[in-house]
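Quick note: the coordinates plus some simple rules give every number you see, no bench work behind them. The model shown is predicted, which means the values in this text are computed figures rather than measured ones. Here the Cβ positions follow ideal geometry from the backbone for every residue, glycine too, while neighbour counts run over all protein chains shown.
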Amino acid sequence: MVTQLVKCPTCKTTITISGEPGEKIDLTCPQCNQKGVFRLPGEKNGKILASNSSTIEVKDLTKTYNHFTAVNNISFSVQKGEIFGFLGPNGAGKTTTIKAMLDLIHANTGAIKINGIDVRINGKEAKKSIGYMPEKVAFYDNLTALQNLAFYAEIKHASKEECISLIQKFGLGDVGKKRVGTFSKGMVQRLGMARALLGDPPILILDEPSGGLDPRGVVLIRDKILEMKKKGTTIFVSSHILSEIQEICDRVSIINKGVLVAQDTVEGLRKKLNLKPHITVTVDAISGKIENAVKKLPGVDSVKTLGTNTLEIICDGAMKAKVILAISTAGANIQNIQTKEPTLEEVFMKYTEA
Amino acid sequence: MQFNVFLNVAKKEIMDNIRNKWVILVSLMFALLTLVVSYFGSIGSSGWQDLGNTISGMTQLGSFLISIVALMLGYAAIIGEIERGSMSALLSLSATRFEITVGKFLGLGAVLCLTILIGYGIAGMVIAGNVSNVDYLAYLGFIGMTMVFGLVFLSVALFFSTVFSKRSTALGGAIFLWFLFNIILPIVFVGLLATTIDFTKITMETTLIVPDWYHVLNLFNPISLYSSLIGITIGPVQSSTGSGFIPNPSWYSSGLLMGVLLAWIVVFFTLAVWRFQRTDV
């Protein structure tokens, strides 16, 4: 199975298509109804072609611990240059999946390919293109930040100058010669991100990169992720900070109890769930007449009164004009209107509520 | 296999242990004990003993100490890093489990050998400055054999650090191993011997004829192996255990005993690699 993101030539909407390698897919743009045919990239000699194909491909991955199935037959692929968010509640199987992708744990079944190379067969080669930041970032406490980075840099064939530059970029220039054992959690986390970026890897796998960071640190990491994306780096990120994922990710996958329950763009997931925007209207004074006028409108799912002069309406985005008209006709003076699209948090809650 | 991986892992282990003062502390302990044994250790005489007598006195005490030092050095080598979380970062690089195990063994082995060399070296120099007729070669041989003996326990510890899933359990396992090799096995072997020989009729002057199976069993205990190796290669070893007066059999040779010690290293190192390959990090 190959998944590919394509852009509609007319309205530039991003569309996700999936199918077998080399398969022709008939497409209709959901926005402008433009029709077209797209051929998925082919497969040659068991190695997926590098151009326009998955950089990370996970197929039918299952991992069990004794009788507990941590990850159950999941498949997904990450395209070159995209930021792929991997979401799920605690214990859903996110870290297990990431560890299997890096061959840190032995999967029971399934195939994992990085740039077309099977991690379980030639992990050494596959991992050359990966920068990884684990959920639990750890270093050698007796060594300084610079000594720690230099140790990993030598294995990755990166230079000492790069270590110094990364330490400075992550705001650790002043403490580079101090033992890591004296660092705060946030400092260790930033050093962990610096380690992941050593050697400028084309693929970044980040497991909760913002965990334990202060807001400034969160922004620093987010900016770095976006900077890496601009350079064409493929980024796989697992995070609990859903607002951040929504902001930076091209596509997301949601895993729950070891099973992949959704995979699409954030917009695509919203549409699949038919989640509607929240329209908050502030008027001079709310009356029963105004509330009823809005409730009567077809396509309005719910109307809630907030305080003495605010209504929260959940309806199709296209109904906004009709809602405003109904409120005005009912005799209210509209003071403010705000439209809030459904957040990834709502999508996440919906998919993981069971 | 990438040389830079295991050389870097080895270098990191050495730096780590130098920075935490481990090398200095253990070296000083070895030096001090050797000097104490040399000055006070020989019954019936006082003052500095020559290096030969010091080796004789240090063999058993050294085997107690070096075995525990090597076990403490290696018991957390793998599981400690897995538990702390640094192993996942290391394995996410293009480093294999085999390369990491080799690097760990080389690095920790270098640390252990360095402490033995510094400790015994300092003591040897002090003793040599106070006595005449110094057999430097025998003393260097003693240091070399002690290093190999230490590496046996390091190899065993490395294997045990891949067996347990918690650092604390691995520590318990290491302590048990020390008791097993230093106390339990010698008692069990002598106990088995007692079923065939009446020790009540034995005097210190009696030349004890011990069945070969006992000597074969002793090959399975590196402590006995080391003591026999020093005895055969350098000279008699002072012993506080009841089995000390049991002579080495004629078929024991320096080559054989050294070969068996090296086999211990190879077998447990191979087991460590095999086990680590199957471990989830």
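Quick notes on this one:
- Amide H contacts under 5 Å for residue A:55: A:78, A:79, A:80, restricted to partners 5 or more places along the chain or on a different chain, H placed in the peptide plane at 1.01 Å from N.
- Using a 4.7 Å Cβ-Cβ cutoff, the cysteines of chain A lacking any partner cysteine are A:163, A:249, A:315.
- Bridges between two residues of the protein assembly as shown, per DSSP, are antiparallel at a rate of about 75%.
- Order of A:62, B:59, A:95 under a 10 Å beta carbon neighbour criterion, fewest first: A:62, A:95, B:59
- Fewest neighbouring Cβ atoms within 10 Å first, the residues A:132, B:136 line up as B:136, A:132.
- Angle of helix B:97-128 to the longest C-alpha principal axis of chain B, folded into 0 to 90 degrees and rounded to 10: 40°.
- Peptide A:121-129 is shielded by partner chain Cβ atoms: per residue, an average of 3 of them sit within 10 Å of its Cβ.
- Computed over chain A, the per-residue total of -39500 (n - 2.57) for DSSP H runs of n ≥ 4 gives a 222 nm mean residue ellipticity of -8500 deg cm²/dmol, rounded to 500.
- Here the residues B:100, B:184, B:79, ranked from fewest to most Cβ neighbours within 10 Å of their Cβ, fall in the order B:184, B:100, B:79.
- Between helix B:185-194 and chain B: long-axis angle, C-alpha atoms, 0 to 90°, nearest 10: 40 degrees
- C-alpha long axis of helix B:222-233 to longest principal axis of chain B, angle in °: 50 degrees
- Mean residue ellipticity (222 nm) of chain B, computed from DSSP H runs ≥ 4 via -39,500 (n - 2.57), nearest 500: -23500 deg cm²/dmol
- According to the Kirkwood relation over distinct C-alpha pairs, the hydrodynamic radius of the range B:54-209 is 18.2 Å.
- For residue A:86, distant residues with modelled amide H under 5 Å away: A:237, A:238, A:239, A:253
- Among the listed pairs A:177/A:224; A:63/B:11; A:94/A:271; A:113/A:340, those with a Cα-Cα distance over 31 Å are A:63/B:11; A:113/A:340.
- Per-residue ³J(HN,Hα) for the range B:267-277, Karplus 6.51 cos²θ - 1.76 cosθ + 1.60, θ = phi - 60°, Hz, x for Gly and Pro: 4, 6, 5, 4, 4, 4, 4, 4, 5, 5, 4
- Plainly put, the range A:274-352 has a radius of gyration that is 0.99 times its Kirkwood radius, both from alpha-carbon atoms, as the Rg/Rh ratio.
- The range A:239-354: relative contact order in percent, alpha carbon pairs under 8 Å with at least 6 residues between: 32 percent
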